[in-house]
Amino acid sequence: MKKLPSIYKQSINKKFNNNNTVYYSTTKNNEKREDKFDPKEFIGSLFKEGGHIFNKALIIRTKDKIYDTSIVRSSDDFIYTLTEDSIRISDIISIERK
């Protein structure tokens, strides 16, 4: 190989502190979430997906309890599960797929 010319590099004589402050677009104190969980909408999408609803394993969190079950059917105010629980829809905090 032939010898390449040297590269010019400037010496750094000062201390840099340009990363001392960082901007965060969301803060925990003023955090406002516009996307609230709507259990009726989620349950409706489960029924529309196709397949049998009772074959879909779910984790349902309410104010009082966590259910690890599947939905059998739903009415206007309640959902009914394979474990013979009736859960009030207004009490549901979140529903996750297992």
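Evaluating kT/(6 pi eta Rh) at 25 °C and 0.890 mPa s, with the Kirkwood radius of region 30-98 over Cα pairs in the Stokes-Einstein relation, gives 196 µm² s⁻¹.
With a ≥ b ≥ c taken as the square roots of the eigenvalues of the C-alpha gyration tensor of region 37-77, please select rounded if a/c is under 1.5 and otherwise prolate if a/b is larger than b/c or oblate if it is not? Taking the square roots of the gyration eigenvalues as a ≥ b ≥ c, region 37-77 is oblate.
Read-outs throughout are calculated quantities, based only on the coordinates presented, and are distinct from any laboratory measurement. In this text, all values refer to a predicted model and were calculated from it rather than measured experimentally.
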